[in-house]
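Visitor: Once you've had a glance at the structure underneath, I'll fire off some questions.
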Amino acid sequence: MVVDTIRLYRSTIGKKAVMAVTGAALFLYVVAHMIGNLAVFAGPDALDAYGRWLRDIGVVWPVRVGLLAAVVLHFVAAYQLTARARRARGRYRHRRVVQGSYAARTMRWGGVIIALFVVYHLLDLTVGVLNPNGVPGAIHANVVADFQHWYVVLAYTVAVLALGFHIRHGVWSATQTLGVTTSRVVGLGVAVVVCAGFLSVPFAVFTGLVS
Amino acid sequence: MKLTLRIWRQSGATGRLVEYPLDDLSPDMSFLEALDVLNERLVLAGEEPVAFDHDCREGICGMCGVMINGVAHGPQKATTACQLHLRHFEDGDVLTVEPWRAEPFPVVRDLVVDRSAFDRIVAAGGYISVPAGSAPDAHATPVPKPDADTAFEAAACIGCGACVAACPNGSAMLFTAAKATHLGVLPQGQPERYSRARDMVAEHDALGFGGCTNAGECTPACPKGIPLITIARLNADLLRAHTSRSDR
Amino acid sequence: MPFYTEGSPIADQRVPVGPIESRWDLRRFSARLVNPANRRHRSVIVVGTGLAGGAAAATLGELGYRVKSFCYQDSPRRAHSIAAQGGINAAKNYRNDGDSVHRLFYDTVKGGDFRSRESNVHRLAQISVEIIDQCVAQGVPFAREYGGLLDTRSFGGAQVSRTFYARGQTGQQLLLGAYQALERQVDAGRVEMHPRTEMLDLIVVDGRARGIVVRDLVSGAVSTHFADAVVLATGGYGNVFHLSTNAKGCNTTAIWRAHRRGALFANPCFTQIHPTCIPISGDHQSKLTLMSESLRNDGRVWVPANPRDSRPPNDIPEAERDYFLERMYPSFGNLVPRDIASRAAKNISDEKRGVYLDFADAVERLGALAVEQRYGNLFEMYQRITGEDPYRVPMRIYPAVHYTMGGLWVDYDLRSNIPGLYVIGEANFSDHGANRLGASALMQGLADGYFVLPGVIGDYLADAPFEPLSEDHPAVADTMSEVRGRVKTLLAVDGDRTVESFHRELGRLMWDECGMERGEAGLRKALERIPELREEFWQRVKVPGTGAQLNQELEKAGRVADFFELAELMCVDALHREESCGGHFRAESQTPDGEALRDDARFCYVAAWEFTGAEPVLHKEELVFEHVKPSTRSYA
């Protein structure tokens, strides 16, 4: 079984399958994260209590380890496929993209943007060093402090939209890779819901709906 | 009508685009007939004609294929270059004509490329092993019509290479998947279904084609419209080949 | 003026003696075999990778012989069999509509206008059944009905439904089956594949075919390949007419060179003209595109009743249309054989008026959807080429050269008169007589490749291996230097006319004088004109570039040079055969109502021509009909 997993990974389809599976794991995390964020609308105490509860039940570190593994695998496979594509594809003097959606064409750079954002996001709201408030455990206050600034809102918006595009193609692509095809509309729908959920927080703060 | 063709000319390791104005074309000509007109003129002028692959000129042999303004087989959907007629262009258009480009498809000369990699993918497993004379009666195994239709749809592939030429990854997965699907949905193809997927994909990768990332450029470029779902089928078969014990 | 001399008749066709039904069995039993362990020490060259050549190379590989396979295309999958549309006949009688091996045999002999060899045709009908089994097992996606069983349709010249098909791409699917089998043998190391390689001559040593001289079309290198036997499966020579439904690369060079080395060329003038092609749109036309005969299942052929009627077809009222095939041939209607339909159309319209193929009735009767399911891809193709929508406007149709029944003479074993040289598929003359029925070419190609050749070639190879050869052998060196000399000469002329312009001129001449209708005066004129034109070709042709590169003009020049020589033989054959039969229609020999008039007393033979360099020598193979009595073909 081990030998065969290695053989599978050696094939280009195997790498794509790894990206699909790790992508699916990351996507599930993103959805859970997005739903958790909505606690901000229940008031300062609710959000901070939700944070404490996550620590108390002991899921934080296992999830972090899992996420890190998924991100590494996702990235390595993507890197290998990209390097391979660079060698294989031809360079035309005159090239026009026929159909591939914007989302499909921006998977690689979109992925890089999301990765950079995640680093900033961790320094901002997990470690707290880039946060204007930066008090450990005071999640609600930190969040509210963040989104007073238009440039922070802008940064989060750009990142969330990049994530939306990534999800839009990624969801469809992962199902295709795992051999079950769905309509591309499913990917679009999921992406819109995730984006709306995430963006509701900064815009609610920025407009004063949450304070 | 008038057209200006900017054609890739290459006889050694490198090449360049050369511009050829043509001013007495008929809209009823096929694109390749316009190249014929140009070539006859070049020959009479003592120049070497543009080398391009073509044979049946009715869209089925898969021999022809060039990038026309960056689109495989030109702007008309589901049409090979030989069946593309000039009436689909505007008078005065400037068209850049390049060969298929991909690492496993080296340019032989001008617009001619070497596609023998496709034969090797088929040789690796794109068949049903049935020596002549060993077949049971044709009606021994009925095939549900939808399966036969799906197989036919995939089997319509003409092996022209447009999918590779259009793919941002230089992948030949649509070609490989078309063959795997054609044989894999038929009852006759079941015994070798998973080994076929495994061996063809292994050969595909070994030949230096890129990996498929579901970019979706291939199907719109395909003159036979082979659907992307064939790749999903191949993916599933490959995963099964490496995860189940049924067919090692 | 004598234009040929007559030599000795062909005495032996090596047909086994016995009841016709068991001759193939008898032959397979009498043929010597090669022990499986010894087969890998016997080598065979197969030139061409269409249905016949691809199937033969694959099957010989499966049997364990060492095979070398050659094609001029970049892949064996592209041979022109791929373009066959309509279907493949088989006497399966799955429809229970009265079909049988004997009926397919009978229809084929009659369809060929009694100019084919009964024993070969009977074997073909017997094997037809196995071909379908073989192809289905290979995964050929034939059309099926909802119950999962195979669908069939009717083709010209038959009143049963025995044609199996895969939409309008039957040839493609059958060829891919053979190609896949071939690639399996390539992978197994039993077949060595040489794509982009063109055969330029045959090597004959001590009276045996022992190899070929080829040119690598990419590097330009001329080299030799040796084997114990050589199989030619290089297709037909319809491109002698310049415009035909053949692929641009189809040529006669392989069989013509073999003819020059001594192989007899049989019935070269028997050419099939297909009635339903897409009309020519201008001088730039590079080839003609066929529309499957299957269209005549539901389409109705008509012309305006008034020859001077210039209205668009849809404006011509029903009463002013002449559905001439239905009128003249009520029992077969639109499904008469191709030669009959083409000539009827020519007689009635003389190529000047439009001939229409109309689907209005079918759309009304079956609905547009059903028509689309049956013919959708053909309609699309028509629309792409002409810009007209056949669902609404009747198709315009035009006759075009499509198939050549003639080819190298072969005996019952498909062996030419040169020992060790086998000829299969369209390249031989064997099974179709003077006219081929629709859906029979695929049947013959696969029968020859999968079953007949592999069944009998062992008899010859049992004497092998023959003495090893090298390029120093005088016969080999001579052939090599002739080939090199020819290439050099073509490049050296450096004249002022393109190869294409010569080909066009030759084609026009052949179409006018040796096309659908041939007359003595015209043929004599062509026989004067062709040598002049050929002479001019060697004085004025211009081939740029060198021989040491991919040079498509050089390839074309060599092919056209051979077409010139073949064209002359075709006219000789057509002129000597003072009768009309099948696709060969002599203006001097017709019934009062314009039908072909055969002359069985004088011409019931195969005309096999020997190359001499001067007047060709005619060898007659007498045709004996024991089972199907020659009669006037009637489809009325």
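Laboratory data are not the source of any read-out in this text; all were calculated from the coordinates shown. Please read all numbers here as calculations on a predicted model, not as lab measurements. Heads up, the Cβs are rebuilt from the backbone with ideal geometry, glycines too, and the neighbour counts pull from every protein chain shown.
Visitor: Specify whether the C-alpha gyration tensor of the stretch C:494-538 places it in the rounded, prolate or oblate class, a ≥ b ≥ c being the square roots of the eigenvalues: rounded for a/c under 1.5, otherwise prolate if a/b is larger than b/c and oblate if not.
Guide: Details: a/c = 5.06, a/b = 1.91, b/c = 2.65.
Oblate shape, in that a/c is at least 1.5 and b/c is the bigger or equal ratio.
Visitor: At 24 Å minimum axial length over the Cα atoms and a Kyte-Doolittle cut of 1.6, report the qualifying DSSP H helices in chain A, or say none. Spell out each step's value before the answer.
Guide: Values: long enough: A:12-37 (37 Å, 1.18); A:60-88 (41 Å, 0.90); A:150-177 (39 Å, 0.87); A:184-206 (33 Å, 2.15).
Taking the DSSP H segments of chain A (at least 24 Å long, mean hydropathy at least 1.6), we get A:184-206.
Visitor: Please give the Cα centre distance for the stretch C:170-194 versus the stretch B:155-209, rounded to the nearest Å.
Guide: Centre-to-centre (Cα) distance: 16 Å.
Visitor: Among the chymotrypsin sites (Phe, Trp or Tyr not before Pro) within the stretch C:1-57, which fall in a DSSP loop and have no more than 15 other Cβ atoms within 10 Å of their own Cβ?
Guide: Details: sites: C:PHE3, C:TYR4, C:TRP24, C:PHE29; in loops: C:PHE3, C:TYR4.
In loop regions of the stretch C:1-57 (DSSP not H, G, I, E or B), the sparsely surrounded chymotrypsin sites (Phe, Trp or Tyr not before Pro) are C:PHE3.
Visitor: What's the center-to-center distance, using Cα atoms, between the stretch B:1-46 and the stretch C:323-362 in Å?
Guide: Using only Cα atoms to place each centre, the spacing works out to 40 Å.
Visitor: What's the average, rounded to a whole number, of partner chain beta-carbon atoms within 10 Å of each residue's beta-carbon in B:26-34?
Guide: Values: counts 5, 2, 8, 5, 8, 0, 3, 6, 1.
Neighbouring Cβ atoms belonging to other protein chains average 4 per residue here.
Visitor: Further question on the same structure: Take the Cα pairs of the stretch B:3-98, get the Kirkwood Rh, then feed it into Stokes-Einstein at 20 °C and 1.002 mPa s and tell me D in µm²/s. Spell out each step's value before the answer.
Guide: On the way: Rh = 13.7 Å.
Approximately 157 µm²/s, per Stokes-Einstein.
Visitor: Now a separate question. For B:LYS224, list the lysines whose Cα falls under 24 Å from its own Cα; do not include residues on the same chain fewer than 8 positions away.
Guide: Those lysines meeting the cut-off are B:LYS77, B:LYS145, B:LYS179, C:LYS248, C:LYS287.
Visitor: If you put +1 on each Lys and Arg Cβ and -1 on each Asp and Glu Cβ, how big is the dipole of the stretch B:116-243 around its Cα centre, in Debye rounded to 20? Please list the in-between numbers first.
Guide: Values: 9 positive and 11 negative charges, 19 e Å.
Dipole of the stretch B:116-243, to the nearest 20 debye: 100 debye.
Visitor: Now a separate question. If you take the square roots of the eigenvalues of the alpha-carbon gyration tensor of the stretch C:1-51 and sort them as a ≥ b ≥ c, do you get rounded (a/c under 1.5), prolate (a/b over b/c) or oblate? It would help to have the intermediate numbers written out before the result.
Guide: Values: a/c = 2.55, a/b = 1.42, b/c = 1.79.
Oblate, because a/c is 1.5 or more while a/b does not exceed b/c.
Visitor: Please state the equivalent ellipsoid semi-axes for the stretch B:116-243: what are the square roots of 5 times the Cα gyration tensor eigenvalues, largest first, in whole Å? Present the calculation step by step, with values, prior to reporting the outcome.
Guide: Details: eigenvalues 119, 51, 36 Å².
They are 24, 16, 13 Å, listed largest first.
Visitor: Follow-up. List the GluC sites (Glu not before Pro) within the stretch B:1-108 that DSSP assigns to loop and that have no more than 14 neighbouring Cβ atoms inside 10 Å.
Guide: Answer in residue order: B:GLU47, B:GLU90.
Visitor: Counting other beta carbons within 10 Å of each residue's own, what order do A:VAL160, C:VAL456 fall into, fewest first? Each step should come with its number before you reach the end.
Guide: Working: A:VAL160 20, C:VAL456 23.
Neighbour counts put them in this order, fewest first: A:VAL160, C:VAL456.
Visitor: For chain A, take N as its residue count and report Rg(C-alpha) divided by 2.2 N^0.38 Å.
Guide: 1.14
Visitor: What do you get when you divide the Cα radius of gyration of the stretch C:538-636 by 2.2 N^0.38 Å, with N the number of residues? If you can, show how the numbers build up before the last one.
Guide: Values: Rg = 19.7 Å, N = 99, 2.2 N^0.38 = 12.6 Å.
The stretch C:538-636 yields a ratio of 1.56.
Visitor: Counting only C-alpha contacts under 8 Å and six or more residues apart, can you give the relative contact order of chain A as a whole percent?
Guide: On the way: 190 pairs, mean separation 56.6, N = 211.
Value for chain A: 27 percent.
Visitor: Under 22 Å from the Cα of C:LYS629, which lysines turn up, not counting those fewer than eight places away in the same chain?
Guide: C:LYS629 reaches C:LYS110, C:LYS620.
Visitor: Convert each backbone phi in the stretch B:24-33 into a coupling constant with the Karplus relation 6.51 cos²θ - 1.76 cosθ + 1.60 (shift: θ = phi - 60°), then list the ³J(HN,Hα) values in order as whole Hz, x for Gly and Pro.
Guide: Rounded to whole hertz, the list is 10, 8, 9, x, 7, 6, 7, 4, 5, 5.
Visitor: So, how do all the Cα-to-Cα distances of the stretch C:1-127 break down into 5 Å bins, in percent, from 0 on up?
Guide: 2, 8, 11, 12, 16, 17, 16, 11, 5, 1, 0, 0
Visitor: Another one. Report Rg(Cα)/(2.2 N^0.38 Å) for the stretch C:266-348, keeping two decimals.
Guide: Numbers: Rg = 14.5 Å, N = 83, 2.2 N^0.38 = 11.8 Å.
Ratio of Rg to 2.2 N^0.38 Å for the stretch C:266-348: 1.23.
Visitor: Something else now. Give the shape of chain B as rounded, prolate or oblate, defined through the alpha-carbon gyration tensor: a ≥ b ≥ c are the square roots of its eigenvalues, a/c under 1.5 means rounded, and otherwise the shape is prolate if a/b is larger than b/c and oblate if not.
Guide: Details: a/c = 2.42, a/b = 2.02, b/c = 1.20.
It comes out prolate by the Cα gyration axes.
Visitor: Could you tell me how far the Cα centroid of the stretch C:73-145 sits from the Cα centroid of the stretch C:518-546, in Å?
Guide: So the separation of the two Cα centres works out to 38 Å.
Visitor: Take every Cα pair under 8 Å in the stretch B:3-98 that's 6+ residues apart, average their separations, divide by the length, and report that relative contact order as a whole percent.
Guide: The normalised contact order for the stretch B:3-98 reaches 34 percent.
Visitor: Here is a further query. With all distinct Cα pairs included, what does the Kirkwood hydrodynamic radius of the stretch C:274-401 come out to in Å, to one decimal, could you say? Each step should come with its number before you reach the end.
Guide: Details: mean 1/r = 0.0674 Å⁻¹.
Hydrodynamic radius (Kirkwood, Cα pairs) of the stretch C:274-401 is 14.8 Å.
Visitor: Kirkwood Rh over alpha-carbon pairs of chain C, then Stokes-Einstein at 37 °C and 0.692 mPa s: what D in µm² s⁻¹, rounded to an integer? Working shown, then result.
Guide: Details: Rh = 24.8 Å.
My calculation gives 132 µm²/s for D.
Visitor: Return a whole-number percent for the relative contact order of chain C, with Cα pairs under 8 Å and 6 or more residues apart as the contact set.
Guide: About 22 percent, as a whole number.
Visitor: Taking the number of other C-beta atoms within 10 Å as the exposure measure, put A:ILE113, A:ILE6, B:ILE60, C:ILE340 in order starting with the fewest. List each step's numbers first, then the result.
Guide: Values: A:ILE113 17, A:ILE6 11, B:ILE60 30, C:ILE340 25.
By the 10 Å Cβ count, ascending: A:ILE6, A:ILE113, C:ILE340, B:ILE60.
Visitor: Put one equal scatterer on each alpha carbon of the stretch C:78-140, apply the Debye formula with no solvent term, and list log10 I(q)/I(0) at q = 0.18 1/Å to two decimals.
Guide: Ignoring solvent entirely, the Cα scatterers give -0.77.
Visitor: Roughly what % of Cα-Cα distances in the stretch C:372-501 sit above 17 Å, to the whole percent?
Guide: Details: 6391 of 8385 pairs.
That tail contains 76 percent of the Cα-Cα pairs.
Visitor: Which percentage, to the nearest 5, of the DSSP beta bridges contained in the protein assembly as shown is antiparallel? Walk me through the numbers before you get to the answer.
Guide: Details: 62 of 88 bridges.
So the antiparallel bridges in the protein assembly as shown amount to around 70 percent.
Visitor: Ranking C:SER281, B:SER30, C:SER75 by Cβ neighbours within 10 Å, fewest first, what do you get? Display every interim value, and only then the final one.
Guide: Values: C:SER281 17, B:SER30 29, C:SER75 22.
Ordered by Cβ neighbours within 10 Å, fewest first: C:SER281, C:SER75, B:SER30.
Visitor: Give a quick list of chymotrypsin sites (Phe, Trp or Tyr not before Pro) in the stretch C:435-506 that DSSP marks as loop, anything other than H, G, I, E or B, with at most 14 other Cβ atoms within 10 Å. Intermediate values should be presented prior to the final figure.
Guide: On the way: sites: C:TYR450, C:PHE451, C:TYR460, C:PHE466, C:PHE502; in loops: C:PHE466.
Answer in residue order: no site qualifies.
Visitor: Still on this structure: May I ask you to give the average projected area over all directions of the convex hull of the Cα atoms of the protein assembly as shown, in nm² rounded to one decimal?
Guide: Working: hull surface 191.5 nm².
Taking the Cα atoms of the protein assembly as shown, their convex hull projects to 47.9 nm² on average.
Visitor: Using Stokes-Einstein with the Kirkwood hydrodynamic radius over Cα pairs, what translational diffusion coefficient do you get for the stretch C:153-277 at 4 °C and a viscosity of 1.567 mPa s, in µm²/s rounded to a whole number? Write down the numbers at each step before the final one.
Guide: Details: Rh = 17.7 Å.
The Stokes-Einstein estimate is 73 µm²/s.
Visitor: Okay, moving on. Kindly provide the Kirkwood hydrodynamic radius of the stretch A:147-211 in Å, to one decimal, from all pairs of distinct alpha carbon atoms.
Guide: Working: mean 1/r = 0.0782 Å⁻¹.
One over the average 1/r among Cα pairs gives 12.8 Å for the stretch A:147-211.
Visitor: If you don't mind, there's one more thing I want to ask. Return P(r) of the stretch A:1-77 (all Cα-Cα pairs; 5 Å bins starting at 0; whole %; ordered from short to long distances).
Guide: Percent of pairs per bin, in order: 3, 14, 17, 19, 14, 11, 8, 6, 5, 3, 1.
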